[in-house]
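Have a look at the structure below before the remarks.
The values are calculated or read from the model by the stated rules, or taken from the named source; none is laboratory data. Since this is a predicted model, take the numbers as computed values, not measurements. As a convention, Cβ positions derive from the backbone with ideal geometry for all residues, glycine included, and neighbour counts pool all protein chains shown.
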Amino acid sequence: MKKSLLAVTIMAGLVTAGCEKQEATAPDAPPAPAAKEVSNIPPLDENNIVSLAIASKDHTTLVAAIKAADYVTSVAASGPLTVFAPTNAAFDKLPEGTVDDLLKPENVGQLRKILQYHVTTSALAADSFTDGQSLSMASGKKATMHVKDGKVSINDASIIASAPASNGMLHIVDVVLLPPES
């Protein structure tokens, strides 16, 4: 039960990156790789993190990752969650072939760890973060918040937009967060 909640929390963060109307679309970006189809998705609250991500054209890669990790139902949980959702352009910054490899069924464990590193419990607004603040992510690893000149980032990823969701808070980020090795 605890693992399921953790996985849901992480996926929710990734999926919700596109809730804000502020768009972060890369020009002429190739379409996101297809993930396995998820059948029997329950009706979702339209303001839920997952629904917001699905509705965003800038988060199709994140949605594909959430589907491939089988986290759709989990991320739609009641929360509260804070999700740091990378845009398609953020995924494009990864080495070529990385996303395709992560979406393969044999790599679902690694994909889940990465998605979990994008989620933390509680709904945390951007103005609540302090410079040097450490967050415990759903993966069990820590991430560090940075605040400078009114700009907020987590590790090396800038928060480019934020939006409340019915089950938490979404922060759209410009870099995919990779969990530390140790």
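If you check Met137, Met145, which single one turns out to be under 12 Å from the mean Cα position of the chain (by Cα) and either touching a residue at least 60 places away in the same chain (Cβ under 8 Å) or surrounded by 14 or more Cβ atoms within 10 Å (Cβ to Cβ) (or both)?
None of the other options fit; the residue is Met137.
Do you know which residues across region 60-76 are out of contact with any Leu (no Cβ under 7 Å at 6 or more places or on another chain) and part of a loop (DSSP other than H, G, I, E, B)?
The answer is Asp70, and nothing else.
If I filter region 36-47 for residues that are modelled with pLDDT of 85 or more, outside any helix (DSSP H, G or I) and crowded, with 21+ Cβ neighbours inside 10 Å, do I get at least one hit?
no
Among what's in region 153-182 and is acidic (Asp, Glu) and out of contact with any Pro (no Cβ under 9 Å at 6 or more places or on another chain), pick the residue that is farthest from Val50 (Cα to Cα).
Of everything passing the filter in region 153-182, Glu181 is farthest from Val50 (Cα to Cα).
Looking at region 77-105 only, could you name the residues that are more than 30 Å from Ala125 (Cβ to Cβ) and part of a loop (DSSP other than H, G, I, E, B)?
Pro95, Glu96, Gly97, Leu103, Lys104
Would you be able to say whether some residue in region 17-31 is among the small types (Gly, Ala, Ser), at pLDDT below 50, at negative phi and part of a helix (DSSP H, G or I)?
Yes - at least one qualifying residue is present in region 17-31.
Return the residues of region 154-178 that are assigned to a loop (DSSP other than H, G, I, E, B), in contact (Cβ under 8 Å) with a residue 40 or more places away in the chain and either touching a Gly at 6+ places or on another chain (Cβ under 7 Å) or not charged (D, E, K, R) (or both); say none if nothing qualifies.
Ser166, Asn167, Val175, Val176, Leu177, Leu178
Specify which of the listed residues (Leu177, Leu102) is surrounded by 17 or more Cβ atoms within 10 Å (Cβ to Cβ), closer than 17 Å to His59 by Cβ and in contact with a His (Cβ under 6 Å, 6 or more places away or on another chain).
Result: Leu177 is the single residue among Leu177, Leu102 that is surrounded by 17 or more Cβ atoms within 10 Å (Cβ to Cβ), closer than 17 Å to His59 by Cβ and in contact with a His (Cβ under 6 Å, 6 or more places away or on another chain).
Just to be sure I understand, how many residues within region 75-96 are surrounded by fewer than 16 Cβ atoms within 10 Å (Cβ to Cβ) and either modelled with pLDDT of 95 or more or among the acidic types (Asp, Glu) (or both)?
Summing the residues that are surrounded by fewer than 16 Cβ atoms within 10 Å (Cβ to Cβ) and either modelled with pLDDT of 95 or more or among the acidic types (Asp, Glu) (or both) in region 75-96 gives 3.
How many residues does region 52-73 hold that are surrounded by fewer than 21 Cβ atoms within 10 Å (Cβ to Cβ) and in contact (Cβ under 8 Å) with a residue 60 or more places away in the chain?
The number of residues fulfilling the criteria is 1.
Which of (1) at pLDDT below 90; (2) closer than 22 Å to Ser122 by Cβ; (3) among the β-branched types (Val, Ile, Thr) does Ile54 not meet, given it meets every other one?
Of everything listed in (1) at pLDDT below 90; (2) closer than 22 Å to Ser122 by Cβ; (3) among the β-branched types (Val, Ile, Thr), Ile54 misses just condition (2).
So, in region 107-153, exactly how many residues are among the polar types (S, T, N, Q), outside any loop (DSSP other than H, G, I, E, B) and touching a helix residue (DSSP H, G or I) at 6+ places or on another chain (Cβ under 9 Å)?
Here the count works out to 5.
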